[in-house]
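> One structure is given below, represented as structure tokens, and several questions about it will come after.
The values are calculated or read from the model by the stated rules, or taken from the named source; none is laboratory data. Everything numeric here is computed off the predicted structure, so don't read it as measured data. Cβ placement follows ideal geometry from the backbone for every residue including glycine, while neighbour counts extend to all protein chains displayed. Remember, those area values only see protein heavy atoms, side chains included, never the ligands or the DNA or RNA. Shrake-Rupley method; radii C 1.70, N 1.55, O 1.52, S 1.80 Å.
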Amino acid sequence: MDKTIKIALIGAGMFGGDVHLRAYADLQRFGISGQLARVGLDRWSREFASVKFELVAVATRTAKSAQRAQASFKQWTGHEPKACHGDAPWNDILRQFADLDVLAVATPDHLHTAPILAALDQGVHVITEKPMCLSIHEADQIIERAQAKNRVVAVDM
């Protein structure tokens with residue numbers, strides 16, 4: 001199974017910059033085999049050993065924070081993801097990376113829904129920090145869109 005999973009990260013604050021960014025750096029440097037073994041799924045390590053990961057972009061509200069995350073990732077991996085910023089930087093990422101596999105959402109809680117729905121509209125899987133959203137109406141929208149597009153929305157716990 002030779003595949004490169006392309007990931008973009010929205011939000012590089014406490015969880016995005018510390019947890020997600022480091023996890024994607026580890027995946028990009030070492031692959032998933034070691035991670036599978038850590039959680040008792042080592043029987044899958046050989047089958048998934050050829051799967052590669054690439055963080056293609058990181059986005060925040062400000063250019064300074066996006067560039068800081070970009071520089072940290074480059075220091076850890078030697079790879080420099082594209083730095084995007086603005087009020088809705090996920091739109092730029094979804095436009096520029098038509099082959100994106102996963103959008104990771106680590107924005108403040110009240111900003112989760114818009115990038116999740118935008119990603120689903122483009123056929124992109126999503127991993128988001130908890131809570132997925134702040135209302136039942138938003139949850140219903142996300143669930144319906146994910147089902148309609150046959151995409152996964154995973155909530156990081």
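> Restricting to the stretch 31-71, name every residue that is under 20 Å from P108 (Cβ atoms) and touching a Leu at 6+ places or on another chain (Cβ under 8 Å).
A57, V58, A59, A69 - these are the residues of the stretch 31-71 that are under 20 Å from P108 (Cβ atoms) and touching a Leu at 6+ places or on another chain (Cβ under 8 Å).
> Contact list please: Cβ distance under 6 Å, first residue in the stretch 61-88 and free of Cβ contacts under 8 Å to residues at least 60 places away in the same chain and aliphatic (A, V, I, L, M), second residue assigned to a helix (DSSP H, G or I) and surrounded by 14 or more Cβ atoms within 10 Å (Cβ to Cβ), pairs at least six apart or on different chains.
Here the result reads A83/A66; A83/Q67; A83/Q70, each pair linking the stretch 61-88 to a residue that is assigned to a helix (DSSP H, G or I) and surrounded by 14 or more Cβ atoms within 10 Å (Cβ to Cβ).
> If you don't mind, another one. Tally time: how many residues in the stretch 1-13 are surrounded by fewer than 13 Cβ atoms within 10 Å (Cβ to Cβ) and either of a type in the set (D, E, K, R) or farther than 23 Å from G123 by Cβ (or both)?
So the count comes out to 2.
> Here is a follow-up. For G16, state whether it is surrounded by fewer than 19 Cβ atoms within 10 Å (Cβ to Cβ) and either out of contact with any helix residue (DSSP H, G or I) (no Cβ under 6 Å at 6 or more places or on another chain) or under 26 Å from E138 (Cβ atoms) (or both).
no
> Determine if the stretch 91-108 includes at least one residue that is over 30 Å from D2 (Cβ atoms) and in contact (Cβ under 8 Å) with a residue 60 or more places away in the chain.
yes
> Follow-up. Scan the stretch 40-67 for residues that are part of a helix (DSSP H, G or I) and open to solvent by 10 Å² or more (accessible area, probe 1.4 Å) and jot them down.
Listed by number, the residues that qualify are D42, R43, W44, S45, R46, E47, F48, A63, K64, S65, Q67.
> Which one is farthest from S65 (Cα to Cα), of the residues in the stretch 21-50 that are charged (D, E, K, R) and more than 17 Å from the chain's Cα centre (by Cα)?
The residue in question is R43.
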